[in-house]
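Data first, discussion second: the structure below is written as structure tokens.
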Amino acid sequence: MKKILEKIKQIFNDPELKKKVLFTLFIFLAFRLFAFLPVPAIDLTKLRSLFASNQFLSLLDIFSGGTLINFSVMALGLNPYINASIVLQLLTVMVPSLEQLSKEGEYGRHKINQYTRFLTAPLTVVQSIGIFVLLRNQKIIGSLSPLEFFSFILTMVAGTFILVWFGELISEYGLGNGISLLILAGIVGRLPVTLSRTASVFNQEMVFNTIIFLVLAVAVIASIVFINEAVRKIPVYYAKRIKGNRLYQGASNFLPLKLNQAGVIPIIFAVSFVLFPQLIGNFFANVKNVNLASTGRFLVSFFSPSGFFYNFFYFILVIGFTYFYTIVVFNPQKISEEIQKHGGFIPGIRPGLATKQYLEKILYRITSVGAVFLGVIAVMPVLMSKLTGLTSLVIGGTGILIVVSVILETFKTVEAQLVMKSYDKFIK
């Protein structure tokens with residue numbers, strides 16, 4: 001605690017860091033104000049009653065930071081932008097021209113960010129139409145004229161792009177990655193509402209369950225920190241070599257393989273797939289056709305977020321996408337070629353094919369641990385509610401993973417800047 005207070009004191013003693021922190025807090029305040037600016041033509045009373053009776057929507061509301069239950073102008077949040085970023089990231093690996101562009105430094109990153117924003121626009125429009133159809137089926141929004149419908153879609157698109165702009169402002173003038181910090185602010189901003197709901201139904205019988213919940217929460221946070229920071233270091237040695245007229249001495253380094261290479265991206269992919277049957281079910285549940293309506297109700301009940309089949313498929317999908325994304329991002333063939341090209345080798349392993357096979361074996365082993373961990377984190381809300389009986393206090397495992405990861409990354413950014421400042425004193 002003393003070290004944390006010393007770091008905070010150092011931050012506010014540095015004018016540049018202090019300015020960045022205050023600017024970031026100002027953007028957070030603007031974001032929370034927009035979160036309570038509702039879209040016209042929405043019956044908020046019916047919307048809140050729908051959220052109260054639907055666990056799936058309640059979990060989405062926690063993730064969005066309360067913008068969904070208030071149906072603010074930022075109701076879609078950063079979801080379209082995140083989806084567009086994931087698509088561009090995968091395309092960068094698979095399309096040679098985009099891969100080459102990503103290696104061109106600042107210019108390449110700027111162009112890829114532009115393409116991400118271009119892709120965000122159609123994704124936002126599609127998601128806005130889907131939200132409108134869902135609300136109309138639930139009779140939360142009435143029939144709109146063409147102009148009102150266009151205004152509704154335009155408002156949703158504008159809200160998402162304002163959030164993207166806020167994130168880019170934080171990245172440029174604030175502290176850390178702006179998009180990640182806004183997601184963190186949304187999740188943390190919803191905590192007081194969750195705690196107040198729990199306090200309103202709290203009684204003496206819940207004391208023991210609450211203690212169990214807090215112990216499990218601390219254990220989960222500690223495990224997330226451990227997995228995020230866990231790295232398998234593979235030693236790489238470089239022999240002496242002559243290049244031109246210069247002799248380069250031998251050196252040693254290591255190749256870091258993180259236990260969780262994929263982060264939260266597999267969970268985001270898995271959510272998109274596992275929620276699709278329930279979204280289709282909600283769409284068909286209120287149609288006039290009896291067969292379609294019964295099929296819709298079956299899908300809603302069968303893929304209920306608290307049910308076994310939903311969480312089983314969710315767990316399997318997270319593991320599958322973790323392997324898929326790790327293989328796409330980390331290419332053992334390319335890494336082994338780079339090591340061989342620079343005259344390096346792994347002790348006891350031949351360069352070339354043997355190095356590739358060795359890296360694959362290590363990668364699959366550590367990915368198995370990371371994939372199972374992500375799968376458990378994904379289904380953590382249901383496990384916690386079953387063990388403790390506290391359904392109102394449960395926060396998505398994905399949300400906890402994001403919060404802990406972003407806090408760790410932000411602290412590393414601050415630490416790096418403080419270290420850089422201390423070196424600047426010696427230069428002067």
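Details
- Hits among aspartates and glutamates - C-alpha to C-alpha of K356 under 20 Å, sequence gap 8 or more where chains match: E337, E338
- Across K18/K103; K20/K233; K258/K341; K19/K258; K18/K334; K20/K111, pairs whose alpha-carbon gap is larger than 31 Å: K18/K103; K20/K233; K19/K258; K18/K334
- Taking a point 7 Å from the Cα of L91 along the Cα-to-Cβ direction, the residues of segment 97-139 with backbone N closer than 14 Å to it are 97-102, 111-124.
- If you take all other residues with their beta carbon under 13 Å from the beta carbon of G370, and give Lys and Arg +1 and Asp and Glu -1, the sum is +2.
- Modelled spin-label separation between V419 and F254, with each label point placed 7 Å from Cα along the Cα-to-Cβ direction: 1.5 nm.
- Length released on extending from E337 to L191, taking residue separation times 0.36 nm less the Cα-Cα span: 47.7 nm
- Per-residue SASA entry for S151, accessible area with 1.4 Å probe, Å² rounded to 10: 60 Å²
The values are calculated or read from the model by the stated rules, or taken from the named source; none is laboratory data. Predicted model, so just to flag it, every value in this text is computed and none were measured. Quick reminder, even Gly has a Cβ in these numbers, built from the backbone with ideal geometry, and neighbours come from all protein chains shown. Only protein heavy atoms, including side chains, enter the accessible area calculation; ligands, DNA and RNA are left aside. Shrake-Rupley method; radii C 1.70, N 1.55, O 1.52, S 1.80 Å.
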